[in-house]
1. Using only the alpha-carbon atoms, how far is helix 92-105 inclined from the longest principal axis of the chain? Give it as 0 to 90 degrees, nearest 10.
2. When only Cα pairs under 8 Å and 6 or more residues apart are kept, what is the percent relative contact order across segment 183-335?
3. Out of all DSSP beta bridges with both ends in the chain, state the antiparallel percent to the nearest 5.
4. Based on Cα positions only, what radius of gyration and what Dmax would you give for segment 45-120, in angstroms?
5. For the chain, which whole percent of the accessible surface, found with a 1.4 angstrom probe, sits on carbon and sulfur atoms?
6. Can you return the lysines within cross-link range of Lys188? Criterion is Cα-Cα under 28 Å, with same-chain partners fewer than 8 residues away left out.
7. Report Rg(Cα)/(2.2 N^0.38 Å) for segment 213-287, keeping two decimals.
8. Let me check I have the definition right: for segment 181-334, take the eigenvalues of the Cα gyration tensor, multiply each by 5, take square roots. What are those semi-axes in whole Å, largest first?
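The values are calculated or read from the model by the stated rules, or taken from the named source; none is laboratory data. All values reported here derive from a predicted model rather than from experimental measurement. Please note: Cβ atoms are built from the backbone with ideal geometry, for glycine as well, and neighbour counts cover all protein chains shown. Just the protein is used for accessible areas: all its heavy atoms, side chains included, with ligands, DNA and RNA removed. Shrake-Rupley method; radii C 1.70, N 1.55, O 1.52, S 1.80 Å.
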Amino acid sequence: MLASAVAFVDLETTGTSAAGDRVTEVAIVRMVDGEVVEEWSSLVDPERSIPPDIQILTGITNETVRGAPTFARIVDEVRERLEGHLFVAHNARFDYGFLKNEFARLERTFTADVLCTVRLSRRLYPEAVGHSLDALIARHGLADPLDAVAGGARTGRHSALGDARALLRFARVIEREKPADEIAAAVKRLLKIPSLPPQLPPDALEGVPEAPGVYRFFGVNDLPLYIGKSVNLRDRVRSHFTSDYRNSNDQRLSAEIRSLDWIETAGELGALLLESRLVKEVAPLHNAMLRRRRLSCVLRLPSLREAPQFAKVDEIDWDERGPGAEALYGPFASPRAARDLLEAIAAEEGLCWRLLGWEKRGGPCFARQVRKCRGACVGEEAAEVHNLRLATALEARRIPDWPFAGAIAIVERDATRGIEEAHVIRQWRHIGTARDEPDLAALAAVRRLPEFDPDVLRVLRRWLSEHPGCARALA
Ligand SMILES: [Zn+2]
């Protein structure tokens with residue numbers, strides 16, 4: 001048996017794009033404890049015309065769906081039938097994606113454990129040629145001659161109910177032909193069902209949403225173990241506990257975790273900013289990010305006459321930096337990372353190791369001796385020219401001046417979950433995130449900046465370049 005409650009699902013649609021096309025027919029065959037308890041199907045008015053080639057393929061014409069209910073009218077029926085069931089479909093990503101989009105259009109969410117019969121067939125019958133539904137029907141004799149003549153309802157091949165029934169019959173064949181433990185192992189693997197650590201309650205992962213946000217793992221005495229973020233909390237949290245993804249950090253977390261929680265955000269930026277903030281506040285035991293931050297450094301070029309200098313991020317007075325402040329480059333994860341970049345630039349540009357401050361003694365530098373240095377150490381190039389070439393090569397890594405007059409808000413919105421967040425940012429600092437207008441006004445009025453965080457700078461630079469026009473100036 002695949003699971004105690006299974007829904008075999010098939011959809012017919014107006015095309016192949018889950019975002020643009022619509023459902024024209026849905027069928028659900030429910031099996032509970034191995035018994036079929038319900039067969040249900042409905043035509044659906046797609047609220048748009050069906051392309052001619054699709055009409056021929058499915059036999060569903062514009063005429064067929066005239067007067068059928070829209071998805072909005074059957075959404076509750078569909079949800080009730082699928083709730084608590086393993087969602088089984090052929091090319092399940094297609095059907096699951098379409099249903100999720102139909103729910104999303106109604107500003108509703110839908111989540112299920114999804115098993116794809118294409119992948120199940122591949123795993124259980126690896127030697128078989130072809131795993132399309134037609135191939136399965138032919139190979140395992142899944143066609144039922146009665147389907148085509150059943151009174152009234154559409155039941156043949158390429159009808160939703162006909163295809164859902166074929167999947168049910170495929171499940172029956174598997175049960176006959178394969179040992180139960182082999183089926184269970186295949187299903188578990190395909191679903192990436194997490195093996196929860198025994199000290200966690202069995203329902204610990206229930207309710208984790210397929211939404212962006214931050215999650216936290218706690219150990220004994222609520223000791224913070226780990227903070228992570230994802231655009232899909234459910235998948236990410238589960239992945240820590242599936243053998244497919246397990247690494248040494250996940251093994252340690254599995255052994256030490258006692259509880260977990262999560263905070264939903266409106267979007268990805270909110271998750272990134274919240275993760276960065278919480279990691280800093282809480283200092284979880286197993287976040288490598290924190291260790292990295294202590295080593296974070298920048299590169300200074302105080303003047304064109306001096307060698308470049310490393311500075312720890314904490315040593316810079318970020319609040320004093322206004323227009324025209326000394327150029328800083330980075331941030332780098334560690335002095336080692338900064339040195340690696342400098343060495344690469346030096347090799348490429350023919351820079352001088354003495355002027356870079358790596359050699360103190362006089363005479364030609366090491367790079368000069370191997371004909372790499374253009375000769376700043378032996379007076380063939382002025383120090384200013386040399387350092388200008390260095391600054392030019394580093395330009396891409398220059399920490400930009402804050403490109404706005406004052407604070408900005410970046411708004412993220414998820415209509416489906418009804419969450420809107422405005423992230424208030426000033427001088428590359430995340431002042432806070434507001435969920436309503438009074439909050440936003442309060443954050444906009446904050447004068448004292450939080451400590452500079454190189455991770456926030458990195459996140460914001462990338463976000464602003466990938467989402468031009470996302471920033472709204474705050475008065
Ligand atoms: Zn040199």
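1. It is inclined by approximately 80 degrees.
2. In percent, rounded to a whole number, it is 22.
3. Roughly 90 percent of the DSSP beta bridges within the chain come out antiparallel.
4. Over segment 45-120's Cα set, Rg and Dmax evaluate to 13.9, 37 Å.
5. The value for the chain is 51 percent carbon and sulfur by accessible area.
6. Of all the lysines, those that pass the test against Lys188 - Cα under 28 Å, at least 8 places apart if same chain - are Lys100, Lys178, Lys229.
7. In units of the 2.2 N^0.38 Å rule of thumb, it is 1.04.
8. In descending order the semi-axes read 40, 16, 15 Å.
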